[in-house]
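Asks: Pasting a structure below so you can have a look.
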Amino acid sequence: MDIHEYQAKEILSNFGVAVPDGSLAYSPEQAAYRARELGGERWVVKAQVHAGGRGKAGGVKLCNSDIEIQDVSENLFGKKLVTHQTGPEGQGIYRVYVEACVPIERELYLGFVLDRTSQRVMIVASANGGMEIEEISANSPDSLVRATVEPAVGLRAFQCRQIAFKLGFEPGMVQQVVRTLQGCYRAFTELDATMVEVNPLVVTTDNRLIALDAKMTFDDNALFRHPQISELRDKSQEDPRESRAADRGLNYVGLTGNIGCIVNGAGLAMATMDTIKLAGGEPANFLDIGGGATPERVAKAFRLVLSDDNVQAILVNIFAGINRCDWVAEGVVQALKEVETDIPVVVRLAGTNVEAGQKILSQSGLPIIRAGTLNEAAERAVTAWRNDQSQATILRSTS
Ligand code: ADP
Ligand code: MG
């Protein structure tokens, strides 16, 4: 789960990381009011969306008066901000953060990620901040400083000092670097984050080290341990299909194709998507309904997949070990009776209670296409989708 910049800054500041003074606003009037409250003469208005690259896309604006803040905010609120991280449809702006303008001397990059190879939290830093990490690693890979943290002992001060010297800090600044790195590391581990990124981390003209931007991503599977983090979820920033899935406890990732997939098990779901592609189709989603899925859960999954307007055929692929084919079949029938769709549905069942499952499907009287193997299922789903397409074209050309 992603959170907003202002939320990440509040968290990091609770762990001792210095951040600029700032305040959140839900309207242009409130933004101007926030600036007056903060005081000072120059502010930065920052669109709060779950994506980076806002500066270049016009989502971060320097303002010299509260009137200017109101004008700038009026142009941001309700708009979609398109950055290189959002995709062409952009992300809606419903909150802006008004922040004191910080006098920047230099910008650095700081990131904490999980490194699968070393199975450790890895710190990645660069003295060349202010651009994305991808650009840094392409343009100046030698500037990157990397260090892994030994989990049994945590991030030690000597390691932070080493990083500080590699980044070219003066001895007088090193203590601030240690505090910042340790604060980010503690926030990362104690809150089950999967990423903390401070880009840029800046040195001000009066030698303060400040996190000018902050991004945090959390492990969804650990959110139950951190209700205060789950609270920060902002559905306006999520793919609506994925929010609906999360609300229903389903493991779903939205994709851009048109063959909806309902599968049990993540590995089988991946294999199903591959097979659809091999058969010449494009999957509309990844969906793992999990083991022991009740008919109600299968029906929920069905409604979710059907709520995606791009879906033009559905492939149900169940290999029942813990699952029961009869329950899955009941779920499919229940959902299809409820939603009354004319989208072709292909079902492939194998494993526990498969005969009972097939019987439920055939006795339902519904036009369900059945398949014995995964290959057959994928081919039938792609063929059914193509036939549907050509029928639609014929209908369009004759009407
Ligand atoms: P993004 O990464 O989404 O583009 P940032 O928060 O990194 O957004 O802001 C982009 C740039 O705007 C920063 O690199 C910095 O130069 C400038 N900036 C952001 N916040 C401030 C601030 N409070 N004071 C001065 N400059 C800022
Ligand atoms: Mg940034």
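The values are calculated or read from the model by the stated rules, or taken from the named source; none is laboratory data. Just so we're clear, the structure is a prediction, and the values are computed from it rather than from any experiment. All Cβ positions, even for glycine, are placed from backbone atoms using ideal geometry, and neighbour counts span all protein chains on display. Just the protein is used for accessible areas: all its heavy atoms, side chains included, with ligands, DNA and RNA removed. Shrake-Rupley method; radii C 1.70, N 1.55, O 1.52, S 1.80 Å.
Asks: Take residue 192 and residue 36, extend 7 Å from each Cα along the Cα→Cβ direction, and tell me the distance between the two endpoints in nm.
Replies: 4.4 nm
Asks: To the nearest 10 degrees, how steep is helix 28-38 against the longest Cα principal axis of the chain, on a 0 to 90 scale?
Replies: Here the helix axis deviates by roughly 30 degrees.
Asks: Within the range 106-120, name every residue whose backbone N is under 19 Å away from a label modeled 7 Å from Cα of residue 134 along the Cβ vector.
Replies: Within reach of a label on residue 134, which here means backbone N under 19 Å from a point 7 Å along Cα→Cβ, the range 106-120 contributes 109-114.
Asks: Using the basic label-point model (7 angstrom from Cα toward the beta carbon), what is the residue 225 to residue 10 distance in nanometres?
Replies: Computed distance between label sites residue 225 and residue 10 equals 2.3 nm.
Asks: Kindly state, to the nearest 0.05, the FRET efficiency for residue 68 paired with residue 358, given R0 = 56 Å and r defined as their beta-carbon distance. Working shown, then result.
Replies: Details: r = 69 Å, r/R0 = 1.22.
Step by step, r from the Cβ atoms, then E = 0.25.
Asks: Here's another thing I want to ask about it. Please report the spacing between the Cα centers of the range 359-393 and the range 269-306 in Å, no decimals.
Replies: If you average the Cα positions of each part, the centres end up 14 Å apart.
Asks: Here's something else I'd like to know. Sort 43, 327, 385 by accessible area with a 1.4 Å probe, largest first.
Replies: On the way: 43 20, 327 80, 385 40 Å².
Listed by decreasing accessible area, they come as 327, 385, 43.
Asks: Any chance you could run the full-extension gain for residue 100 through residue 366? It's 0.36 nm times the residue separation minus the Cα-Cα distance, nm to one decimal.
Replies: Values: separation 266, 0.36 × 266 = 95.76 nm, distance 6.30 nm.
Here the answer is 89.5 nm.
Asks: Provide the FRET efficiency to the nearest 0.05 for the residue 208-residue 84 pair, computing r from the beta carbons and using R0 = 41 Å. Mind showing how you got there, number by number?
Replies: Details: r = 30 Å, r/R0 = 0.73.
The formula returns an efficiency of 0.85 here.
Asks: Additional query: Can you work out the Karplus-derived ³J(HN,Hα) for every residue in the range 114-121? Use 6.51 cos²θ - 1.76 cosθ + 1.60 with θ = phi - 60°, whole Hz, and x for glycine or proline.
Replies: Karplus values, whole Hz, x for Gly and Pro: 8, 9, 5, 5, 8, 6, 9, 6.
Asks: At 1.4 Å probe size, with every protein chain present, just tell me what the per residue accessible area of the chain comes to in Å².
Replies: Result: 48 Å² per residue.
Asks: Here's another thing I want to ask about it. Can you tell me which lysines have their Cα less than 28 Å from the Cα of residue 235? Leave out same-chain residues fewer than eight positions away.
Replies: Cross-link targets: 9, 46, 56, 61, 79, 80, 215, 300.
Asks: Near the amide H of residue 232, under 5 Å away, which other amide H atoms are found, from residues 5 or more places off or on another chain, if H is placed in the peptide plane?
Replies: none
Asks: Can you list the residues, at least 5 places off or on another chain, whose amide H is less than 5 Å from the amide H of residue 251, using H built in the peptide plane?
Replies: Result for residue 251 returns 288.
Asks: Out of the DSSP beta bridges found with both residues in the chain, what percent are antiparallel (nearest 5)? Write down the numbers at each step before the final one.
Replies: Working: 48 of 65 bridges.
Antiparallel bridges make up about 75 percent of those DSSP assigns within the chain.
Asks: Could you tell me the distance between the Cα centroids of the range 86-117 and the range 226-243, to the nearest Å?
Replies: Their Cα centres are 18 Å away from one another.
Asks: I would also like to ask the following. To the nearest 500 deg cm²/dmol, what mean residue ellipticity at 222 nm is calculated for the chain from DSSP H runs of n ≥ 4 alone, each contributing -39,500 (n - 2.57), summed and divided by the residues? Kindly include the intermediate steps, with their values, before the conclusion.
Replies: Working: 13 runs with 153 residues, N = 399.
Value at 222 nm, helices only, nearest 500: -12000 deg cm²/dmol.
Asks: For the pair residue 337 and residue 122, what calculated FRET efficiency results from E = 1/(1 + (r/R0)^6), where r is the Cβ-Cβ distance and R0 = 41 Å, to the nearest 0.05?
Replies: Values: r = 52 Å, r/R0 = 1.26.
The computed FRET efficiency comes out at 0.20.
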